[in-house]
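Trainee: Dropping the structure in here first, questions after.
The values are calculated or read from the model by the stated rules, or taken from the named source; none is laboratory data. Every value quoted in this text rests on a predicted model; they were computed, and no experiment measured them. Glycine also receives a Cβ, built like all others from the backbone with ideal geometry; neighbour counts cover every protein chain displayed.
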Amino acid sequence: MPQHAIEVSQKERFEFGANWTRFLSILSDERIDEAKASLRKMLGQDTLEGKTFLDIGSGSGLFSLAARMLGAKVHSFDYDSQSVACTQELRRRYFPDDPNWVVEERSVLDKEFIRNLGCFDIVYSWGVLHHTGSMWEALENVIPSVRPGGILFIAIYNDQDYISRRWLRLKKLYNKNPMLRLPLAIYTLIKQWGMTLLPEAIKGRPLRSWNEYKKSRGMSPWYDIVDWIGGLPFEVAKPEEIFDFYRSKGFVLQRMKTCGGGLGCNEYVFVQKMDGEQSS
């Protein structure tokens, strides 16, 4: 039995791919356009024509698709076989038999695999490395994939101290007790959205933020809620920890978007210094 399946059977890992499979049923051109727009904004580039793009933990495949549509030559991989199937399905739908989009089932913790991939202009891993079970090792492993002068775009869960520890307990409860999954997902919905949706409804603007959510990255609020409450393994980091780690490895922070000290991911866009370039 593959290691991933063993971890799922032992209730130590959430089936992200199953969640992404359901997400594909609501994927639309509008969501794809929003994913492309978010890549353009964070990368500061209108096109990825002529660029190479490595998607580490491709999940639904949406951002691999967005990068390919923007002109990049894409290499996608994921540890979860169902996530790989999702990415392959998007490739089949939009870029059948495309030699410039490779999809594999592999792990970012496999150092030899990563080393043999070579270097890329853009290495992308959004909300993935904190789910490997060895986050700092994963953060280290991605470095050889970024060419000198290339971009590393990652998103990592924010460390909320005791609040993060409480969520970890709930995530373990969710994975070990199938009967509690729907109640815990509803609890998460209330915790994450209650104080937003209720005032909007009172003001006569029901579900305004809910409907606007997909415009941030083309994602779905409900499937992101399920991803959040189920997401094991689970690790977190403070923004300064990520900044200091990559600064010590020769990267310069180009752009950062935080979740305001709350629940969610902080996003980082780093640039690998060119050979011989001095630290600032």
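Trainee: Just to confirm my filter: which helices (runs of 4 or more DSSP H) fall fully inside region 127-223 and include at least 1 residues that are of a type in the set (K, R) and within 20 Å of S38 (Cβ to Cβ)?
Mentor: Counting at least 1 such residues, we get 208-217.
Trainee: Of the residues A201, A138, A155, A237, which single one is buried (at least 19 other Cβ atoms within 10 Å of the Cβ), among the aliphatic types (A, V, I, L, M) and without any contact (Cβ under 8 Å) to a residue 40 or more places away in the chain?
Mentor: Just one listed residue meets the conditions, A138.
Trainee: Could you run through region 156-207 and say how many residues are on the phi > 0 side of the Ramachandran plot and more than 23 Å from the chain's Cα centre (by Cα)?
Mentor: Let us first name the residues in region 156-207 that are on the phi > 0 side of the Ramachandran plot, namely 161, 204, 207.
Imposing the further condition that a residue be more than 23 Å from the chain's Cα centre (by Cα) reduces the set to 204, 207.
Result for region 156-207: 2.
Trainee: Can I ask one more? Could you please find all residues in region 111-126 being part of a strand (DSSP E or B) and under 22 Å from C86 (Cβ atoms)?
Mentor: F120, I122, V123, Y124, S125, W126, listed by residue number.
Trainee: Residues of region 108-119 being under 18 Å from the mean Cα position of the chain (by Cα) and in contact (Cβ under 8 Å) with a residue 40 or more places away in the chain, which ones?
Mentor: If the condition is that a residue be under 18 Å from the mean Cα position of the chain (by Cα) and in contact (Cβ under 8 Å) with a residue 40 or more places away in the chain, then V108 is the only one that fits.
Trainee: Could you please find all residues in region 244-268 being under 15 Å from I143 (Cβ atoms) and either assigned to a loop (DSSP other than H, G, I, E, B) or in contact with a Leu (Cβ under 9 Å, 6 or more places away or on another chain) (or both)?
Mentor: Result: F245, Y246, R247, S248, K249, G250, F251, Y268.
Trainee: Something else: Residues that are over 23 Å from K257 (Cα atoms), at pLDDT 95 or above and in contact with a His (Cβ under 6 Å, 6 or more places away or on another chain): does region 122-143 have at least one?
Mentor: no
Trainee: I've got another one for you. Which one is modelled with the lowest pLDDT among residues in region 2-17 that are part of a helix (DSSP H, G or I) and buried (at least 16 other Cβ atoms within 10 Å of the Cβ)?
Mentor: Taking region 2-17 and keeping what is part of a helix (DSSP H, G or I), we get 3-9, 16-17.
Now narrow it down to the ones that are buried (at least 16 other Cβ atoms within 10 Å of the Cβ): 4, 7-8, 16-17.
Numbers: H4: 70, E7: 61, V8: 55, F16: 80, G17: 79.
That would be V8.
Trainee: Residues of region 239-280 being of a type in the set (S, T, Y), in contact with a helix residue (DSSP H, G or I) (Cβ under 7 Å, 6 or more places away or on another chain) and at pLDDT 95 or above, which ones?
Mentor: Scanning region 239-280 gives a single hit, Y268.
Trainee: Within region 73-110, how many residues turn out to be crowded, with 21+ Cβ neighbours inside 10 Å, of a type outside the set (D, E, K, R) and part of a helix (DSSP H, G or I)?
Mentor: 5
Trainee: Among the numbered conditions (1) in contact with a helix residue (DSSP H, G or I) (Cβ under 8 Å, 6 or more places away or on another chain); (2) within 18 Å of P239 (Cα to Cα), tell me where S145 comes up short.
Mentor: All conditions are met except number (2).
Trainee: Can you tell which of I154, I122, I114 is touching a Lys or Arg at 6+ places or on another chain (Cβ under 7 Å) and in the same structural domain as G264 (by TED's automatic domain parsing)?
Mentor: Details: I154 fails: touching a Lys or Arg at 6+ places or on another chain (Cβ under 7 Å); I114 fails: touching a Lys or Arg at 6+ places or on another chain (Cβ under 7 Å).
Exactly one residue qualifies, and that residue is I122.
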